[in-house]
Amino acid sequence: MLSERRAALGLPSRDPEESDPNRQQQSNPTEYFDNDGAQIALSGCYAGPLFNTVIGLGVPLVITSLAEYPGVYIIPSDNSLLETLGFLMVGLLWALVIMPKKKMRLDRLVGGGLLAIYLCFLFLRLARVFGVLDIDR
């Protein structure tokens, strides 16, 4: 058991009696994950921004609500916040729908779709900043 843990870390086993010379040990730690690379990448790519969104929006709302406690805190209406959350949900849904259909393999369709969603978001933001598009009114 100890030799398997050491082998998983890429270290040689200490006890020569525990190691089997006929048993093939993986030399690369990524070989232990087999084909889980796309699932791990998908989890990592969405866990960070999702955590940042929940903490970045949730903690200030809780603090502001506690500061106004006996009274009622009214959340100001901001269309850009709804737009940001909308694009975040569209990107997440795109990956969650397409990845299982592609058997968790990353390809041009997944990347191109996420890139297209990001470019649409960027275009809308830049159009608002430069005054080309005025949706707020």
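Among the chymotrypsin sites (Phe, Trp or Tyr not before Pro) within segment 61-110, those in coil by DSSP and having at most 16 neighbouring Cβ atoms inside 10 Å are Tyr73.
The largest accessible area among Met104, Met89, Met99 belongs to the first residue in Met89, Met104, Met99, and the rest follow in falling order (1.4 Å probe, all chains).
The values are calculated or read from the model by the stated rules, or taken from the named source; none is laboratory data. Keep in mind it's a predicted model, so treat the numbers as computed, not measured. Backbone-built Cβ (ideal geometry, glycine too); neighbour counts: all protein chains shown. Only protein heavy atoms, including side chains, enter the accessible area calculation; ligands, DNA and RNA are left aside. Shrake-Rupley method; radii C 1.70, N 1.55, O 1.52, S 1.80 Å.
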